[in-house]
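Undergrad: Provided herewith is a single structure, encoded as structure tokens, for subsequent inquiry.
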Amino acid sequence: MKFLWIGLERAKLTLAAAFLLCATGLVAWRVMPRMEDPRIPERNALLITVYPGADPEQIARLVADPLEEQLAEVDSITRIESEIRAEVVVTTLKLRGFLDDDQAINAEWDEVRRHIHRATLEFPAGVLPPILDTDILETEAVLLAVTGIDDPLALMETAEKVKKALLQLDSVAAVKIAGDPGDQITVAFDDAQARRLGLNAGVLAQQLQQRNLNQPGGSVKTGGLGTFLRPRAEFRDLEDLRTTPIVLPSGAAVPLHSIARVERGPREPIGEIMRVNGRRAVGLGVVPVDNINLVTFGNEVRALTEDLKSRVAPFTLTEVTFQPARVADRLQNLSLSLLLGIAVVSLVLVSTMGLRLGLVVASVVPMIALASVALFFFSGGILHQLSIAALVIALGLLVDNAIVMAESIQWHLDHGLDGVTAAKTALRELALPLLAATGTTLAAFVPMLLAEGDVGSFTRDIPRVIMITLAVSYFFALCVTPTLSARFQKQLIRGEQQQRWDRLAAISVNHPRKVLLAVGLVLITAALGATRMDQQFFPYGDRNQLLVSLELPVGSHIQTTTAAAEQLERLVKNDPFVVGSATFIGRSAPQFYYNLPKYPAAPHLAQVLLTTQSTEGLAAFADRLRGEMQRLVPEAVTITRIMEQGPPVDAPIEIRISSEDARVLEQRTEAVVAILERQQGVHSIRHNLGRGQPTLTFRVNDAAAGRGHLSRGHVAQALGRQTRGILAGQFREADDPVPILVRGGAGEFTPLPQLASLDIANGAGSPVPLQQVARFTTEWVPSVIHHRNRARTVTVSANLATGTRFNQVIGPLKRDLGELTWDTLLRYELGGAVEASDTARGAILRNMPTTLLLLVFILLAEFNRFREVAIVMITIPLSAIGVIPGLLLFNQPFGFMSLLGVLALAGIVVNNAIVLIEVVKEGRAAGLPLPEAVRKAVRKRTRPILLTTATTVAGLLPLALSSSSLWPPMAWAMISGLLSATMLTLLVVPALYLVLFRNASEEVVV
Amino acid sequence: MRLLTFLASLCLTTLVLFVLWWKQPAFAEPQPAQQPLVVATAPVTLAQQQSFRLYGVTRARDTANLSFTVGGRLETRPFEVGQQVAKDQVLAQLDADPFRHQLAGLQGNLTELNTLIAQAERDQNRSSDLFQRGAATKEEVEKVGAGLTAQRAKRDALQAQIKEIRRLIDETTLRAPVAGVVTQTFIEAGEYARPGAPIYALSGAGAVEVAVEVPESLLPHIRLGMSVSVDFPLLGRRAEAGTVRHLGSSSLGPGHLFPVHVAITPFDGLISGLTAEVAIAQEDEPQISIPVEAVLSPSGERAWTFVLVDGRAKRVPLQLLQLQEQGVIVRGALKHHDRVVIGAPALLHDGDPVIVGQAVTP
């Protein structure tokens, strides 16, 4: 045991080392990377495959099926979801949760890429190469917008300049453009004139193509140098293109502009639109490099934008979202909580232990905190709200070892030993029990540390920080506290305070069975109460932002979606509660928050990000807005989203119905919607079945076509040229190559009768009207098809009304769904918050057996007796008695964070039982009769137990009272659980001990 | 001990509060929400008559290819394409010299013949005198008379030849048969023009019609005398009424369609050669149409819509016929002026009460 005294014997060295570690911690605190939330590894990806001209059923058959088959072969993929719309399939991939480090995840994505490549070999001709986006959780920490002039191309040009400037910053990893209008040169010929002149898109495109070549001219040697020959075989500028002569079939030539409108404009059909406060804008999402101090990053970006503002005039550069400010704010608040925690804990220590003893114990609190920060930094830690909050939680725990050690040294001092001897004696006595107590607390955090998946990644830093801190606190208790105590503590003359706990001890000693019965009853009541507990898995974030999604029926034209978004913009324009709005049409909002689901290429979707004056009244405002929008735009589903913490969830309530039969799926969806409609507390009920999309099918009469020297291909090409245009090369004088498209004058807006009498040029050059060779019929096809893990699926979803939590709805919903008939061909599963919370809870609870085994192992090592281990373990459920009323009293939901709190409690409450039993054993070893030994233990240990409880509660108070939405549920669960568990431990452990060991009272305890 | 009492009472209070709360039902039992849904509606309209459009060009009803009946070198051809000509105006002149020379020869022959005839008449008078005086035989008299008759017949033939040559000379001048516009020229001055070869194409300045070619699939929808509308896309989409004047009974062969001529009332600026679109309405029974947003057909197998009846949405099955510019022609239990729900919310069922809101659909 002599090695334990090294610290004591080399006091100066010990203290110097401790101070050095603290100083390192202080430096680390300043230089550590700062973020708002922990980074969740990119286990999700989006795969976008475009098949021009195909309807959803074709894509499902020819593209999605082979793709999903290949992807299903990748073992590490746990979920494949495809949304198949006209011309595009968007597949969401999710990797299994056990993959945690970036390298392993990237290796899996490479494997996925190989399988995608294999699938492409089975694709029909014309499918564009799939694009895999594995950066979907990458947060665009700063979202800037360029506004000022409503010309999208001019905005884009300015945005490109700003992007270039931003990318010069080292801290910027990427700049993503939102609302990119695209760029194309349209040659829209006048249909009537073209017909008269005997021209069509094909001829025109061919002529333009031949004049816009980019061919090398070779080089010649001139003197000692090589001289390149550059034939100007391409259009220099738009004017050059406009005036290029077009040779007519008659042999005459006319300038292009006399027969066609030539203009440079946004790409057709329009892909996405961004607007800020009702005006057209182009957005720049600035992505910081990984593991960086976001606050510094924010300052750099802000300085640059301030500088750029004057240079982009007449355009204006504005900040739409600015996460660094929130990071700074949040971290500052939490740091304040940390300081406050230290102060409160110190105050409690000084007031309860006396000035000298209190100060000795309190002095190690900041030291341990700083030393832990240093170690956390060296292990690659990042400061974000979870790691700092974990440090606050740890405050109350880290002091326990110091208290026990200092108290024990004081006891020995009081009993006449000198400082160093007292410290040595205490060290010898406590080194192992403290190790056991610390070990049990550490064990309680193991499930959190081992949790897999997004939840695990999100919360991992809580156990990491707490475990580091506890380990540090143990070593400080062994080295630093004895050193300080030996030097500063003095012999105290204290009355036998323990006498005052006699009445408490008497309750259990005199009526052990009654106590147990009463506690058992209370426990059952609490367990019943738990079923009535409000559940909200992850709490709302505390941002003054509201994301409003307008979902029009799939297949809606982007113009219709724009009109709906404009309604919303008008609605909020004069609302004093709304500070600003940013609208994204045809796509989801950029990832300005870490858990927003991403929807690319969705013309039926608009998202409006509203910045409000405050977070208060946000829910009521959201309700009001939805009501108004339902009145103004009944055909759109309006979904309001207050930023939530935790992993991304589409909707709190989700019912996924799977069947391969489209018609069965359709009928069952209606039935499920009807059930959902009957539930209270839900709104924005919607499903993704789609309402069908009109299709004009042209059936070519091959005989008639043959007589006119035409083929089916001619018909298809003619239709495509008329509406979308035919590529006639690229204009290469701009920054990026710009496609030149030749199309009919009206393009997408060609009237149907005109389409029917479209002229099709045959090989001989004479036009044949479409109606001569084809008949067309009107058909309705599915507008969207969803696959989930290869099964055709429809998801019915709903949001919860303000104040409703999902468990209030799920029960009745499950009952009603059970009344329908389901089988293996027609089945349903619940998604949304239920699934997310099951996954998260599963991730944590899966490792519970490990914890229990660890606890039992440590306790057995300590007590070497199953009955004592059992007594200790029984105290764990006691914490639950307090948790539930505590959460109810402080109006906190029982969610994931509360669950974490309860788990953490387990490790803390067992410590109380351990120290109590230790003293009972001690007493019995000294030959005291059992009731007397128990009585003595209660008398001796109640004060330290209450003291450690008081410090833990004091440490948690700043978090419990913080304005954040994340921490109060956890803090209150821990506070109330700890209070009740402490009180009950003091009653239950003696009572149980008496009951279990009464018959064994003659045993000699070692 | 005070701390203990405080903590114990805190626990007790919490428990009491909890039990009190627990006795309250957590929330009211779910009741069917029969609150009316807000929906957007649109009227059921009579379908626009289905029409198909055909493209053609205007042309004069009177058109002529002008040619010479005689051959010869073209001396003058003063008019070019597009020039107006008056009736009887000289359009071209062939070189008439060969005919004139012929005429001169014939006229010489005639003079010679006239001299011979005069001589023969004198001979006849003389032989008649001689016969009366008995100085000549009757045979000699008759011989002289026959000679004279033959000469006269020769003269008649020669005179006819001269007349023909004069006519031919006249034919070397090409005159406009009607007032009109030169639409084409074929031969340049100096070239040899064969008889009958066209020199000019002339469009009469009178009525103008539109000639279109019709695919056979549409032919059954066209009757002689039916009214159609004619658009002129290059005259600012000017629309005029027209009547089918001629219906081709046979096409011109493979790759060609059936010619149809549509007469239009003249207006200023109506000339031959304009691009015209002829819209021919199909004369079907009146049909009803609803906006495409009102149709629900998620799986594409069956379709329905919701119609507003007494403040409730009633589900009506539909048969979808033909997509039109403003909607889709349907068959189903709908009437003109009924109102159908557009963009029906996901949770709308047959018989649900609804309130009519606005629609953004343009």
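The values are calculated or read from the model by the stated rules, or taken from the named source; none is laboratory data. Quick caveat, the model's predicted, so the values are computed rather than measured. Ideal geometry is used to build each Cβ from the backbone, glycine not excepted, and the neighbour counts take in all protein chains shown. In case anyone asks, the SASA skips ligands and DNA or RNA and just uses the protein heavy atoms, side chains included. Shrake-Rupley method; radii C 1.70, N 1.55, O 1.52, S 1.80 Å.
Undergrad: Just checking, which of B:Ala176, B:Ala160 is hydrophobic (A, V, I, L, M, F, W, C) and either touching a Cys at 6+ places or on another chain (Cβ under 9 Å) or under 19 Å from B:Gly71 (Cα atoms) (or both)?
TA: B:Ala176
Undergrad: Another question, then. If A:Phe19 meets every condition in (1) in a helix (DSSP H, G or I); (2) in contact with a strand residue (DSSP E or B) (Cβ under 8 Å, 6 or more places away or on another chain); (3) open to solvent by 10 Å² or more (accessible area, probe 1.4 Å) apart from one, which number is that one?
TA: Only one criterion is unmet by A:Phe19, namely (2).
Undergrad: What residue, of A:Pro255, A:Pro324, A:Pro245, is within 29 Å of the chain's Cα centre (by Cα) and modelled with pLDDT of 85 or more? Break it down into steps so the answer makes sense when it comes.
TA: Values: A:Pro255 fails: within 29 Å of the chain's Cα centre (by Cα); A:Pro245 fails: within 29 Å of the chain's Cα centre (by Cα).
Sole residue among the options that is within 29 Å of the chain's Cα centre (by Cα) and modelled with pLDDT of 85 or more: A:Pro324.
Undergrad: Tell me yes or no: at least one residue of region A:973-991 is open to solvent by less than 10 Å² (accessible area, probe 1.4 Å), more than 14 Å from chain B (Cβ to nearest Cβ) and in contact with a Pro (Cβ under 8 Å, 6 or more places away or on another chain).
TA: yes
Undergrad: Please list, ordered by first then second residue, the pairs with beta carbon atoms under 6 Å, 6 or more apart or interchain, first in region B:66-85 and among the polar types (S, T, N, Q), second open to solvent by 20 Å² or more (accessible area, probe 1.4 Å) and outside any loop (DSSP other than H, G, I, E, B).
TA: So the pair list comes out as B:Ser67/B:Pro198; B:Thr69/B:Glu171; B:Thr76/B:Gln93; B:Gln84/B:Val181.
Undergrad: Quick check: is even one residue across region A:927-936 open to solvent by 40 Å² or more (accessible area, probe 1.4 Å), of a type in the set (Gly, Ala, Ser), more than 19 Å from A:Asp400 (Cβ to Cβ) and out of contact with any Lys or Arg (no Cβ under 6 Å at 6 or more places or on another chain)? It would help to see each step written out before you state the result.
TA: From region A:927-936, those open to solvent by 40 Å² or more (accessible area, probe 1.4 Å) are A:927-929, A:931-932, A:935-936; that's our starting set.
With the extra rule that they be of a type in the set (Gly, Ala, Ser), the set shrinks to A:927.
With more than 19 Å from A:Asp400 (Cβ to Cβ) added as a condition, the list becomes A:927.
With out of contact with any Lys or Arg (no Cβ under 6 Å at 6 or more places or on another chain) added as a condition, the list becomes A:927.
Yes, because at least one residue in region A:927-936 is open to solvent by 40 Å² or more (accessible area, probe 1.4 Å), of a type in the set (Gly, Ala, Ser), more than 19 Å from A:Asp400 (Cβ to Cβ) and out of contact with any Lys or Arg (no Cβ under 6 Å at 6 or more places or on another chain).
Undergrad: For region A:686-710, enumerate the residues that are of a type in the set (Gly, Ala, Ser) and open to solvent by 50 Å² or more (accessible area, probe 1.4 Å). Quick ask: steps written out before the conclusion?
TA: Quick first cut of region A:686-710, residues of a type in the set (Gly, Ala, Ser) only: A:690, A:692, A:703-706, A:708.
Passing the criteria: only A:Ala703.
Undergrad: Here is a further query. Tally up the residues in region A:740-760 that are more than 9 Å from chain B (Cβ to nearest Cβ), part of a strand (DSSP E or B) and surrounded by fewer than 23 Cβ atoms within 10 Å (Cβ to Cβ), please. If you could, list the steps in order and put the result at the bottom.
TA: Going residue by residue through region A:740-760, those that are more than 9 Å from chain B (Cβ to nearest Cβ) are A:740-750, A:755, A:758, A:760.
Restricting the remaining residues to those that are part of a strand (DSSP E or B) gives A:740-744, A:760.
Now restrict to residues that are surrounded by fewer than 23 Cβ atoms within 10 Å (Cβ to Cβ): A:741.
Result for region A:740-760: 1.
Undergrad: Taking region A:671-685, which residues are in a helix (DSSP H, G or I) and either more than 9 Å from chain B (Cβ to nearest Cβ) or surrounded by fewer than 18 Cβ atoms within 10 Å (Cβ to Cβ) (or both)? Give the steps one after another, and end with the answer.
TA: The initial filter retains those residues of region A:671-685 that are in a helix (DSSP H, G or I), namely A:671-678.
Those that are in a helix (DSSP H, G or I) and either more than 9 Å from chain B (Cβ to nearest Cβ) or surrounded by fewer than 18 Cβ atoms within 10 Å (Cβ to Cβ) (or both): A:Ala671, A:Val672, A:Ala674, A:Ile675, A:Arg678.
Undergrad: Next question. Based on this model, can you work out whether A:Val90 counts as open to solvent by less than 30 Å² (accessible area, probe 1.4 Å) and assigned to a strand (DSSP E or B)? Reasoning before the result, please.
TA: Details: open to solvent by less than 30 Å² (accessible area, probe 1.4 Å): yes; assigned to a strand (DSSP E or B): yes.
Yes, satisfied.
Undergrad: Could I ask something else about it? Is region A:877-898 home to any residue that is in contact (Cβ under 8 Å) with a residue 24 or more places away in the chain, away from every other protein chain (no Cβ under 14 Å) and open to solvent by 40 Å² or more (accessible area, probe 1.4 Å)?
TA: Yes, region A:877-898 has at least one match.
Undergrad: Taking region A:1-25 only, how many residues are within 47 Å of the chain's Cα centre (by Cα) and hydrophobic (A, V, I, L, M, F, W, C)? Break it down stepwise before answering.
TA: Within region A:1-25, the first condition is being within 47 Å of the chain's Cα centre (by Cα), and the residues that meet it are A:4, A:7, A:13-25.
If we keep only those that are hydrophobic (A, V, I, L, M, F, W, C) as well, we get A:4, A:13, A:15-23.
Of the residues in region A:1-25, 11 are within 47 Å of the chain's Cα centre (by Cα) and hydrophobic (A, V, I, L, M, F, W, C).
Undergrad: When you scan region B:305-317, do you find a residue that is touching a residue at least 12 places away in the same chain (Cβ under 8 Å), within 13 Å of another protein chain (Cβ to nearest Cβ), in a loop (DSSP other than H, G, I, E, B) and out of contact with any Phe, Trp or Tyr (no Cβ under 8 Å at 6 or more places or on another chain), even just one?
TA: no
Undergrad: Moving to a separate point now. Condition test on A:Thr78, is it assigned to a strand (DSSP E or B) and free of Cβ contacts under 8 Å to residues at least 24 places away in the same chain? Walk me through how you get there before you give the answer.
TA: Values: assigned to a strand (DSSP E or B): yes; free of Cβ contacts under 8 Å to residues at least 24 places away in the same chain: yes.
Yes: the conditions hold for A:Thr78.
Undergrad: Answer yes or no as to whether A:Gly720 is within 14 Å of chain B (Cβ to nearest Cβ), open to solvent by 10 Å² or more (accessible area, probe 1.4 Å) and assigned to a helix (DSSP H, G or I). Quick ask: steps written out before the conclusion?
TA: Values: within 14 Å of chain B (Cβ to nearest Cβ): no; open to solvent by 10 Å² or more (accessible area, probe 1.4 Å): yes; assigned to a helix (DSSP H, G or I): yes.
So A:Gly720 fails the test.
Undergrad: Name every residue in region A:602-659 that is of a type in the set (Gly, Ala, Ser) and either part of a strand (DSSP E or B) or under 30 Å from A:Thr793 (Cβ atoms) (or both), in order of residue number.
TA: If the condition is that a residue be of a type in the set (Gly, Ala, Ser) and either part of a strand (DSSP E or B) or under 30 Å from A:Thr793 (Cβ atoms) (or both), then A:Ala602, A:Ala606, A:Ala622, A:Ala636, A:Gly646, A:Ala651, A:Ser658, A:Ser659 are the ones that fit.
Undergrad: Further, regarding this structure: Could you say whether any residue in region A:35-56 is small (Gly, Ala, Ser), closer than 14 Å to A:Pro124 by Cα and open to solvent by 20 Å² or more (accessible area, probe 1.4 Å)? Lay out the reasoning, then the answer.
TA: Residues of region A:35-56 that are small (Gly, Ala, Ser), as a first pass: A:45, A:53-54.
Those still in the list that are closer than 14 Å to A:Pro124 by Cα too: A:53-54.
Now restrict to residues that are open to solvent by 20 Å² or more (accessible area, probe 1.4 Å): A:53.
Looking through region A:35-56, at least one residue is small (Gly, Ala, Ser), closer than 14 Å to A:Pro124 by Cα and open to solvent by 20 Å² or more (accessible area, probe 1.4 Å).
Undergrad: Could we say that A:Val809 is at pLDDT 90 or above, at the interface with chain B (Cβ under 10 Å from one of its Cβ atoms) and farther than 30 Å from B:Val212 by Cβ here? Walk me through how you get there before you give the answer.
TA: On the way: at pLDDT 90 or above: no; at the interface with chain B (Cβ under 10 Å from one of its Cβ atoms): yes; farther than 30 Å from B:Val212 by Cβ: yes.
It is false that A:Val809 is at pLDDT 90 or above, at the interface with chain B (Cβ under 10 Å from one of its Cβ atoms) and farther than 30 Å from B:Val212 by Cβ.
Undergrad: Check off (1) facing chain B (nearest Cβ under 10 Å); (2) within 30 Å of A:Asp454 (Cβ to Cβ); (3) open to solvent by 20 Å² or more (accessible area, probe 1.4 Å); (4) hydrophobic (A, V, I, L, M, F, W, C) for A:Leu665 and give me the number that stays unchecked.
TA: Condition not satisfied by A:Leu665: (3).
Undergrad: Of the residues in region B:207-229, how many are in contact with a Pro (Cβ under 9 Å, 6 or more places away or on another chain) and either of a type in the set (S, T, N, Q) or assigned to a loop (DSSP other than H, G, I, E, B) (or both)?
TA: Number satisfying all stated conditions: 2.
Undergrad: Here's another thing I want to ask about it. What's the number of the condition A:Ala174 fails, among (1) part of a strand (DSSP E or B); (2) without any contact (Cβ under 8 Å) to a residue 40 or more places away in the chain?
TA: (2)
Undergrad: Can you name every residue in region B:202-229 that is open to solvent by 10 Å² or more (accessible area, probe 1.4 Å), away from chain A (no Cβ under 14 Å) and within 18 Å of B:Glu277 (Cβ to Cβ)?
TA: B:Val208, B:Ser227
Undergrad: I'd like to know if region B:263-283 contains one or more residues that are assigned to a strand (DSSP E or B), away from every other protein chain (no Cβ under 11 Å) and more than 30 Å from B:Gly242 (Cβ to Cβ).
TA: First pass over region B:263-283, keeping only residues assigned to a strand (DSSP E or B): B:263-264, B:275-281.
Still in the list and also away from every other protein chain (no Cβ under 11 Å): B:263-264.
This time we only want the ones that are more than 30 Å from B:Gly242 (Cβ to Cβ), so: none.
Within region B:263-283 (the criterion being assigned to a strand (DSSP E or B), away from every other protein chain (no Cβ under 11 Å) and more than 30 Å from B:Gly242 (Cβ to Cβ)), the answer is no, since none of the residues qualifies.
Undergrad: Within region A:138-167, can you find the residues that are assigned to a helix (DSSP H, G or I) and of a type in the set (D, E, K, R)? Can you show your working first?
TA: Quick first cut of region A:138-167, residues assigned to a helix (DSSP H, G or I) only: A:152-167.
If the condition is that a residue be assigned to a helix (DSSP H, G or I) and of a type in the set (D, E, K, R), then A:Glu157, A:Glu160, A:Lys161, A:Lys163, A:Lys164 are the ones that fit.
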